[in-house]
Amino acid sequence: MLATAVNEIVSTKLNPNVVPHLHIWEWHIPLYLFLGGIAGGLLVITSIMIVLKRKFGIGPRDQGDGCPCLAVRIGSILSPTLLGIGMLFLFLDLAHPLYVWAFYTTIQPTSPMSAGSWILLAFFPLAILQAMLVNKRQLRSFNIEPVNKVIDWTENHMTIVALVNAHIGVGIGIYTGILLSFFSARPLWSSSILGMLFLVSGISAAAALMLLLAPKDEKPVYSMIDANAIWIEIMTVGLFVLGGLTGSANTHGAMMHLVTGDVNLAGMSYMFWFWGIFVGAGLVVPLLLEFLEAAGVHIKFPNVAPVMVLLGGLVLRFLIVFAGQTYHTFM
Amino acid sequence: MSNKKNYGMVIDTRVCVGCSACVYACKQENHVPEGYCRDWVVQETGGEYPKLTMENRSERCQHCENAPCVTYCPTRASHYAEDGTVQINRSLCTGCKACMAACPYDARYVHPEGYVDKCSLCKHRIEQGLETACVSICPTGSLHLVDFNNMDQKTKTLLSGKVVYRQKEHAGTEPGLQWISASNKHGA
Ligand code: SF4
Ligand code: SF4
């Protein structure tokens, strides 16, 4: 007879949202990470477009009076707006939202949440300044004295503002990933490449959004950015999965829980969500579509690819946040 | 002798019968809401039938010396107290739950009143020179409140020569709870 060793633990612990597995973060946090990623990506793309046009003359035609093309102008406004909405979700997730001020009574450099709440605050002034500068012609027509003053002082330094913003955008994008990486008690999250993955995913989602919003003559450049970002993202996802599978028992188990997991999320298993929706529908298919379009093939519904990219980005955040909690705590 | 206290617990699983008196004493002493607990009892069964071993033990926050919950708390609500325990300042806690994600022992919960809560090692009782509620109630004497900086002779004798372990030490948390394993031979 084959003997089977057992090791079984029966516990009287009751706490809701802790047993049978952690369930502290629901839809707010994935949504915040998604919007934060897009905001970072939009800031990166619009800033680079501004610098490229001003320094090297590359990119779609300016709209005159120092205002860049339409997509850059819209993107610059959307970036701080979406981050603001994302932070609202973050706020709603707090068990005691009225104490939110406590975040700003101290700087705790070892706490990713503390560092993040300060980075987020630092993001707004320059992102909003950029949004103002690229839309200065429209703003000036409102003739609001303080606004005019700010524009007068800063309009000659738009390239510098954009250069700094490109870096802040990268910082925000990475931050949305490493916020989770710090938690070594959650094996799926404690991978620093998550920062890179969320950054490229944010950039590709931002490019997809700009592709949707841009007028026809500006579209090709965003389609190109998106295709490149997706390509890098596929590589990064591969490394993320590989890093998990080749890791310790904790990390390996957590990655298997995600990529072969049968846990149900809104009626489908993690495995299906990961390979079918995120990798297949969110990365591979839109990459193919954008590749075909660039090669001159006529695509009947050109908006399908960017919408799929956006959905894929959203699904990625939900999957990582949920699967990281449903897998058991570090052993 | 050190003036600085470093409170933790020694838990003798050899005598624990799993009665849960510690759990209910804690619930009443600390007004833990219904359906929640700050400490709990675990029964671990291992080995191969018919040679099975079983260990009962009472568990709670480990009052880690290198506590991830403190490291990751953005507001200083979770902090080290001067007596070596880890405490939560309710009037700073935003309920962001970073500490819960960080704790490798899942020792915390969100209190329905909107702050994160966990075992305080009955700090309010220790300050009055009392033992914790769980220690004071345990009918088999399994639980011991210990100041690891000033271990008394009784505790030293209790620990001496026994298989003693701490949980998930490889998490780097320096946990402040020690278990005398049930695997110790009789009379050890
Ligand atoms: S057991 Fe968890 S809650 Fe308690 S001190 Fe350690 S990390 Fe913090
Ligand atoms: S929930 Fe409270 S104690 Fe925990 S990390 Fe957030 S502010 Fe600190």
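Annotation: amide H-H contacts under 5 Å for B:SER78 (H modelled 1.01 Å from N, sequence separation of 5 or more, or interchain): B:ASN89. Within the listed set B:CYS37, B:CYS19, B:CYS99, the residue fluctuating most in the Gaussian network model of chain B (springs between alpha-carbon atoms under 10 angstrom) is B:CYS19.
Rounded to the nearest 500, what is the 222 nm mean residue ellipticity of chain B from helices alone, with -39500 (n - 2.57) per DSSP H run of 4+ residues and division by all residues? Calculated at 222 nm, the ellipticity per residue is -4000 deg cm²/dmol.
Electrostatic bookkeeping for A:PRO306 treats Lys and Arg as +1 and Asp and Glu as -1; over the other residues with beta carbon under 12 Å from its beta carbon, the sum is -2.
With a simple spin-label model that places each label point 7 Å from the Cα along the Cα-to-Cβ direction, the separation between B:LYS5 and A:ALA281 comes to 5.8 nm. The phi-based Karplus calculation (6.51 cos²θ - 1.76 cosθ + 1.60; θ = phi - 60°) puts the 3J(HN,Hα) values of the range B:130-135 at 9, 7, 5, 4, 5, 4 Hz, whole numbers, x for Gly and Pro.
Calculate, for A:GLU145 and A:ASP217, the FRET efficiency according to 1/(1 + (r/R0)^6) with r their C-beta to C-beta distance and R0 51 Å; round to the nearest 0.05. Numbers along the way, then the final one.
On the way: r = 36 Å, r/R0 = 0.71.
FRET efficiency, A:GLU145 to A:ASP217: 0.90.
Averaged over peptide A:24-30, the number of partner chain Cβ atoms lying within 10 Å of each residue's Cβ comes to 2.
Cα convex hull, the range A:28-326: 148 Å³ per residue, rounded to a whole number.
Counted by neighbouring Cβ atoms within 10 Å, the residues B:HIS31, A:HIS21 run from fewest to most as B:HIS31, A:HIS21. When the helices of chain A are scored as -39500 (n - 2.57) per DSSP H run of n ≥ 4 and the total is divided over every residue, the value at 222 nm lands at -21000 deg cm²/dmol. When you filter the trypsin sites (Lys or Arg not before Pro) in the range B:85-144 for DSSP loop state and at most 15 other Cβ atoms inside 10 Å of their Cβ, you are left with B:ARG90. Checking every one of the trypsin sites (Lys or Arg not before Pro) in the range B:20-89 against DSSP loop status and a limit of 16 other Cβ atoms within 10 Å picks out B:ARG76. Could you tell me which of the pairs A:LYS13/B:LYS168; B:LYS4/B:LYS27; A:LYS13/B:LYS51; A:LYS219/A:LYS300 are separated by over 20 angstrom between their Cα atoms in the structure shown? Exceeds cut-off: B:LYS4/B:LYS27; A:LYS13/B:LYS51. Residues of chain A were split at every exposed loop site, defined as trypsin sites (Lys or Arg not before Pro) in a DSSP loop with at most 13 other C-beta atoms within 10 angstrom, and the longest piece left, sites excluded, is A:62-299.
Taking the C-alpha atoms only, the angle from helix A:219-245 to the longest principal axis of chain A is near 20 degrees.
Which residue fluctuates most in the GNM of chain B (Cα springs below 10 Å): B:VAL146, B:VAL41, B:VAL163? Taking springs between Cα atoms under 10 Å, the residue moving most is B:VAL163. Here the 3J(HN,Hα) profile of the range B:20-28, calculated from phi with Karplus coefficients 6.51, -1.76 and 1.60 at θ = phi - 60°, is 6, 4, 4, 5, 6, 4, 5, 4, 6 Hz, Gly and Pro shown as x. Computed from the C-alpha gyration tensor, the three semi-axes of the ellipsoid equivalent to the range B:10-96 are 31, 17, 12 Å, from longest to shortest. Here the 3J(HN,Hα) profile of the range A:28-41, calculated from phi with Karplus coefficients 6.51, -1.76 and 1.60 at θ = phi - 60°, is 4, 5, x, 5, 4, 5, 5, 5, x, x, 5, 4, x, x Hz, Gly and Pro shown as x.
A:ASN156 to A:VAL19: FRET efficiency via 1/(1 + (r/R0)^6), r the Cβ-Cβ distance, R0 60 Å, to the nearest 0.05? All intermediate terms of the calculation are to be shown ahead of the outcome.
Details: r = 60 Å, r/R0 = 1.00.
The pair A:ASN156/A:VAL19 has a calculated efficiency of 0.50.
What the Cβ-Cβ distance of B:GLU131 and B:ARG166 gives, at R0 = 22 Å and to the nearest 0.05, is a FRET efficiency of 0.55. Neighbouring Cβ atoms from other chains, within 10 Å of the Cβ of residues in B:35-42, number 4 on average.
Just so you know, all these numbers are worked out from the coordinates, no wet-lab data involved. The structure presented is a predicted model; accordingly, all values stated were derived computationally and were not measured. Using ideal geometry, Cβ is built from the backbone for each residue, glycine included, and neighbour counts are taken over all protein chains shown.
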